[in-house]
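In what follows, a single structure is set out as C-alpha cells and then discussed.
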Amino acid sequence: MAEVNKDLVIDTLRKVRGPDLEGDLISRNMVSDVFIADGKVYFSISVPSERAEELEPMRQAAERAVKAIPGVKGALVTLTADRKAGAAAATKPATVPPQSPGNSHAGHSHAGHSHAGHSHGAQGGRAQKAGVPGVGAIIAVASGKGGVGKSTTAVNLALGLMANGLKVGLLDADIYGPSVPRLLKISGRPKQIDNRIIVPMENYGLKSMSIGYLVDEDAAMIWRGPMVQSAILQMLREVAWGELDVLIVDMPPGTGDAQLTMAQQVPLAGAVIVSTPQDLALIDARKGIAMFKKVEVPLLGIIENMSYFLAPDTGKRYDIFGHGGARAEAERIGVPFLGEVPLTMEIREKSDAGTPVVVADPDGAAAEVYKGIARQVWEQLAGRRARPAPSIVFE
Ligand SMILES: Nc1ncnc2c1ncn2[C@@H]1O[C@H](COP(=O)(O)OP(=O)(O)OP(=O)(O)O)[C@@H](O)[C@H]1O
C-alpha cells in the first residue's frame, strides 16, 4: 500500500472548503504543520474562537477527507483558536475568580476530616454528602467536553498514585460511555455479597467499578437523569472498596446536570480538570472549573493532555497544538497547573490494548509524566487538608 505522505494530505485538504465556503483550508493558511506517524495523521485547523461550534462540520469534513486517503489508518484533527481573530473572545474576563491561597474548602471537604481515622460516613462533613466508609479522599477527574483524553488520564493518574505507594480505587462515572473496562482490560461480572454489595473488579492491583461491568456494552440503554444519579451513587456506596487512600472518579464529560448533581452529592475532596492545549478546549475547561466552584469543590488543578507531539522515531517534540495554553490559563485564573502529558502513539496504543502505559512501561518517559502528575495531585490535596496527609514517601 502506498506510503501516506504530507503532500498527499495537503493536496486532500485543498479540496476541503474554508469557512463561508471561501477558498480551501490550505489556500487560507488554516492548517498547522501536518504530522504522520504509523499511518495516522495529526494536524490542527485554526479558526476564530467564537466560530468554533459553527465550524465543527468543517473539522469533521477535513477528518473524513484525510481518513479516506488510501493507507491512512486514522486522523486526529483539532480546532485551535486563531489568536488574532479570536482576540475578542480571549480577552473576556475569566468566569472563575482567582482562588485565594487561604481557601477554606478543605475544612469541610471529605478529605479534610476523614483520612487519618478512616471515618465512616458523614460525621463531621455535610449531612447530605455521606462519604464512603474506608475511603480517604474522593477525587473527580473531569473535562469540559468529550474526547480530551479524560479517561486515559484518570486511569493513568490512578495507577500513578498507586506507583507512589497509595491505595487507590477507580470509579467510572461515565454511564453513557464507560471506558474503564476496556482501558483496564477487565471483562466479566463482579461478585456480589448478600445480593447487594458489589465486590470491585481488579486488575494491575487497581480496584475499579464501572457500569460496563454490570450491563452489556451494546445493550441499548436509555438513561435518564435520576437513573444516572442512582447508578453512580450505587457504584460509589454499595461497593466493597475496602480501605483506600484515594478513589478517583472518572466523571462523565461535559458540565451538564448529571455532572453537577454528582458534584453536589458526592463528598469530593477535590477535582482535577483535563484539557487539551487549544484555547477552545480551555473555554470548555473553564466551564468545568466554574461548575466545581459553584458547588464548592476545591480545584486541585489542570492537566494539559496531548500537550505536544512526540515523534516516535526521533523523540523530537513538536508543539503543533498550540502548547502551553493550559498552563497560561491556569496561572491566569489562579488554579494550580499539574503537568502536561504528550501526545504519543505509545499512550494511545497501550490504552487501546488495555495495558495503560504506567503499568506497561513503568519506567518509561510517559509513566514518569503520570507519576509526576500524581505527586502533584497528592501534594495539592495534602495542602488543602486540615490535617497532615499520611506520610507517603515519594521516591
Ligand atoms: N496523551 C495521549 N496521547 C495519545 N493518545 C491519547 C492521549 N490521551 C488520550 N489519547 C487517546 O485519545 C482518545 C480519547 O481518549 P479518552 O477516551 O481517554 O477520552 P475522553 O475524554 O475520556 O473521551 P470521552 O469524553 O469521549 O469519553 C483515545 O483513543 C486515547 O487513547
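The values are calculated or read from the model by the stated rules, or taken from the named source; none is laboratory data. The structure presented is a predicted model; accordingly, all values stated were derived computationally and were not measured. Positions of Cβ are generated from backbone atoms using ideal geometry, with glycine treated the same way; all protein chains shown enter the neighbour counts. Surface areas here come from the heavy atoms of the whole protein model, side chains and all, with no ligands, DNA or RNA. Shrake-Rupley method; radii C 1.70, N 1.55, O 1.52, S 1.80 Å.
Yes/no per residue for (1) assigned to a loop (DSSP other than H, G, I, E, B); (2) in contact with a strand residue (DSSP E or B) (Cβ under 9 Å, 6 or more places away or on another chain):
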| residue | (1), (2) |
| --- | --- |
| 144 | yes, yes |
| 156 | no, yes |
| 161 | no, yes |
| 166 | yes, yes |
| 169 | no, yes |
| 177 | yes, no |
| 186 | yes, yes |
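Residues being polar (S, T, N, Q) and more than 9 Å from the ligand (Cβ to nearest atom): count how many of those fall in the range 173-189. Even if it seems obvious, please write down each step before you answer.
Looking only at the range 173-189, we keep the residues that are polar (S, T, N, Q), and these are 179, 187.
Among the residues that remain, those that are also more than 9 Å from the ligand (Cβ to nearest atom) are: 187.
The total comes to 1.
For the structure I just gave you, tell me whether residue 139 is in the same structural domain as residue 296 (by TED's automatic domain parsing), at pLDDT 95 or above, more than 18 Å from residue 360 (Cα to Cα) and not small (Gly, Ala, Ser).
yes
Scanning the range 187-210 for residues that are closer than 17 Å to residue 174 by Cα and under 21 Å from the mean Cα position of the chain (by Cα), which turns out most open to solvent (accessible area, probe 1.4 Å)?
For the range 187-210, the residue satisfying everything is 207.
Here are 188, 177, 212, 205: which of them is within 21 Å of residue 373 (Cβ to Cβ) and assigned by TED's automatic domain parsing to the domain that holds residue 377? Spell out how you get there, then give the answer.
Working: 188 fails: within 21 Å of residue 373 (Cβ to Cβ); 177 fails: within 21 Å of residue 373 (Cβ to Cβ); 212 fails: within 21 Å of residue 373 (Cβ to Cβ).
Only one candidate passes the filter, namely 205.
Cβ-Cβ under 6 Å, sequence separation 6+ or interchain: first residue in the range 321-347 and without any contact (Cβ under 8 Å) to a residue 60 or more places away in the chain, partner hydrophobic (A, V, I, L, M, F, W, C) and open to solvent by 20 Å² or more (accessible area, probe 1.4 Å). Which pairs?
From residues that are without any contact (Cβ under 8 Å) to a residue 60 or more places away in the chain, the pairs are 327/337; 330/337; 342/310; 344/310.
For residue 20, which of the numbered conditions (1) modelled with pLDDT of 85 or more; (2) open to solvent by 60 Å² or more (accessible area, probe 1.4 Å); (3) part of a loop (DSSP other than H, G, I, E, B) fails to hold?
Going through the list (1) modelled with pLDDT of 85 or more; (2) open to solvent by 60 Å² or more (accessible area, probe 1.4 Å); (3) part of a loop (DSSP other than H, G, I, E, B), residue 20 breaks only (3).
Does residue 34 satisfy the criteria of being within 27 Å of residue 283 (Cβ to Cβ) and among the aliphatic types (A, V, I, L, M)?
yes
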